[in-house]
Amino acid sequence: MTTFRSVNPARPDEVVGEYPVHDAEAVDAAVARAARAQRSWARRPVPARADIIAAAGTIISRDKDAFTALVSREAGKVLVEAGGDVQEAVDMAWFVAGQGRAAWGATVPSELGDKLCWTTRQPVGVVGMITPWNFPVAIPSWKIFPALLAGNGVVIKPSEHAPACCEAFVAACVEAGVPADLVQVVHGFAEPAAALAAHPGVRALSFTGSVPTGRKVAVAAMETGPRLLSLELGGKNAMVVRADADLDLAVEGAVFGAFGTSGQRCTSTSRLIAHPDIAAELVDRIVKRAAELRLGDPQDPSVDVGPVITGSSAERIAGMVAAAVDEGATVATGGEIVTADGCEGGAFFTPTVLTGVRPDHHIARHEVFGPVLAVLEVADMDDALAVVNSVEYGLSAAVYTRDINAALRAVDAIDTGIVYVNAPTIGAEIPLPFGGTKHTGNGFREAGSRGIEQFSEVKTVYVDYSGRLQKAQIDTHPPEGGAPAGTEGR
Ligand code: NAD
């Protein structure tokens with residue numbers, strides 16, 4: 001069987017693991033195994049499933065240092081960010097386990113006597129998952145834990161850049177008591193992912209990745225694949241800084257939001273929309289802070305910014321910066337692919353600030369997925385909000401102001417799934433829904449109380465204990481003389 005290697009992006013000669021390239025036949029076999037295992041898993045009481053998920057959280061917490069080192073080695077994240085990625089999986093395990101001992105539906109009073117009405121959740125069967133590399137433990141946890149709680153089997157195709165993290169996560173689940181066949185991992189590139197997306201035995205598909213890939217997945221799913229399709233796609237996240245903002249806070253927020261994880265988060269701050277009165281000072285201070293950030297081996301605790309995931313990713317980012325300059329933007333800092341000590345072959349992109357960007361520039365409209373902050377100057381707040389909303393993405397946005405009225409008006413006006421006030425565009429928390437509007441998604445949310453919705457079907461149950469035929473959907477209070485006209489056929 002053909003294999004591929006996952007490597008350390010800081011030193012691509014260092015192999016992290018070697019994995020098979022699975023084909024459509026292997027995907028078929030994985031779906032069949034997960035389907036067989038799912039039948040008995042679904043018969044376990046929900047709290048019993050929850051206990052196993054909680055145990056998985058405990059195991060990941062126990063092994064947090066090893067997981068953190070692996071995330072850092074395979075995805076190139078600096079240690080504090082890698083640890084945050086792992087901690088999110090622990091938090092998600094415990095949050096989802098709690099949902100297993102909470103309400104599972106609603107009871108609703110019947111309009112008729114001696115009748116009960118309630119809703120409950122049922123598993124869908126086998127859930128397919130296709131995941132990106134940038135949260136290689138957290139994102140599998142956002143999907144696998146709620147899918148298991150709902151009683152499903154899983155076939156996951158992790159990113160080709162982070163297969164080892166996914167395997168380690170699934171091994172922790174199995175150690176906790178998840179039946180070995182219930183969660184299947186298939187590896188490779190587009191082929192097994194596309195086969196999973198189009199598989200008639202997969203009843204729900206949960207995809208996280210870029211908009212172009214998400215569109216391919218949606219087409220494949222539409223033709224022969226799952227009925228439930230959840231898409232969590234890219235972002236073009238904006239931070240609006242009003243003239244009355246606390247500039248210290250805004251500078252720290254912009255640096256963290258734009259350059260954290262080397263700008264490779266779906267929620268990374270990639271547009272800074274600043275009032276002209278403060279724009280020059282803001283840019284000066286961000287440029288100074290950006291220049292102080294230390295690039296290097298992400299496993300060195302003194303390093304602030306690690307590599308981008310591949311050399312070709314660095315080339316793509318450089319191409320977008322060059323195109324921005326062609327359109328009239330100016331590089332205030334950064335814009336270069338560099339190497340770092342002890343990181344032979346690793347591609348590092350210097351934290352970049354572009355000024356003079358206009359809303360119609362390509363860089364202002366498209367996801368970069370790299371450490372590049374485009375600065376746009378807009379004086380009027382309504383115009384600034386219109387610029388925030390002018391892109392096809394709708395994931396996250398931030399507003400910095402000391403004016404509570406302006407802040408809350410912005411919260412109302414911004415068309416994204418997540419809005420921050422006086423905090424950067426990154427920093428989601430597990431108990432709250434995560435996801436975006438417009439082309440960032442298709443309406444589902446991950447995490448929070450709604451995280452389970454994409455992995456379960458709602459069933460409505462009516463129990464009539466009157467012992468006689470009671471008629472709903474029939475007008476029970478007709479006017480004298482019989483049924484109102486036009487209702488006889490209902
Ligand atoms: P990507 O779209 O390149 O790949 C995602 C997954 O899709 C990988 O597993 C890949 O192998 C698979 N894939 C590739 N071709 C496919 C095809 N034809 N059919 C089906 N699957 C295919 O994304 P990436 O580079 O791994 O991750 C970065 C992207 O993910 C960014 O756009 C980022 O914004 C987005 N992202 C979104 C969220 C969110 O929750 N909204 C979270 C993290 C990342």
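Structural remarks
- The helix-based estimate of mean residue ellipticity at 222 nm for the chain, built from -39,500 (n - 2.57) per DSSP H run of four or more residues and divided by its residue count, is -12000 deg cm²/dmol to the nearest 500.
- Estimated FRET transfer efficiency when R0 is 30 angstrom, pair residue 432-residue 344 (beta carbons, to 0.05): 0.15
- Förster radius 41 Å - calculated FRET efficiency between residue 358 and residue 175, Cβ distance, rounded to 0.05: 0.15
- Residue 365 paired with residue 470, simple spin-label distance in nm, labels 7 Å along Cα-to-beta-carbon: 5.8 nm
- Note on residue 316 and residue 24: the extension gain reaches 102.1 nm, defined as 0.36 nm multiplied by sequence separation minus the Cα-Cα distance.
- Radius 9 Å from Cβ of residue 451, net charge of other residues (Lys, Arg +1; Asp, Glu -1): +1
- Projecting label points 7 angstrom from Cα along Cα→Cβ for residue 450 and residue 246 puts them 3.0 nm apart.
- The listed peptides 195-208, 134-147, 286-299, ordered by packing as a protection proxy, come out as 134-147, 195-208, 286-299 (highest mean of other Cβ atoms within 10 Å first).
- Only lysines eight or more places from residue 64 in sequence, or on another chain, were considered; those with a Cα closer than 24 Å are 77, 143, 157.
- Among the DSSP helices (H) of the chain, those spanning at least 18 angstrom by Cα along their long axis with an average Kyte-Doolittle hydropathy of 1.0 or more are 163-176; this is a geometric and hydropathy rule only.
- Between residue 336 and residue 64, the C-beta separation translates, for a Förster distance of 45 Å, into a calculated FRET efficiency of about 0.85.
- Extension gain, residue 190-residue 5: 0.36 nm per intervening residue step, less the Cα-Cα distance, totals 65.1 nm.
- Note on the stretch 311-357: Kirkwood hydrodynamic radius from all Cα pairs is 11.2 Å, rounded to one decimal.
- Within the stretch 459-476: backbone nitrogen closer than 12 Å to the residue 227 label point (7 Å, Cα to C-beta): 459
- Top positive-direction residue, dipole computed over the stretch 3-99 with Cβ charges, set 10, 56, 26: 56
- Kirkwood estimate for the stretch 241-296, i.e. one over the average of 1/r between Cα atoms, Å: 11.7 Å
- Charging the Cβ of each Asp and Glu at -1 and of each Lys and Arg at +1, and nothing else, the dipole of the chain about its Cα centre rounds to 1780 debye.
- Long-range HN-HN contacts of residue 237 with modeled amide H, under 5 Å: 270, 271
- Amide H contacts of residue 14 (H built 1.01 Å from N, under 5 Å, at least 5 apart or other chain): 8
- For 452, 317, order by how many other beta-carbon atoms lie within 10 Å, fewest first: 452, 317
- Put in order of Cβ neighbour count within 10 Å, fewest first, the listed residues 112, 182, 272, 469 become 469, 112, 182, 272.
- Backbone amide hydrogens, once placed in the peptide plane, bring residue 457 within less than 5 Å of 122, 124, excluding anything fewer than 5 places away on its chain.
Bear in mind that the values in this text are calculations on the coordinates, not laboratory data. Here the structure is a predicted model, which means the values were calculated and not measured. Neighbour counts are summed over all protein chains in view; Cβ atoms, including those assigned to glycine, are modelled from backbone coordinates with ideal geometry.
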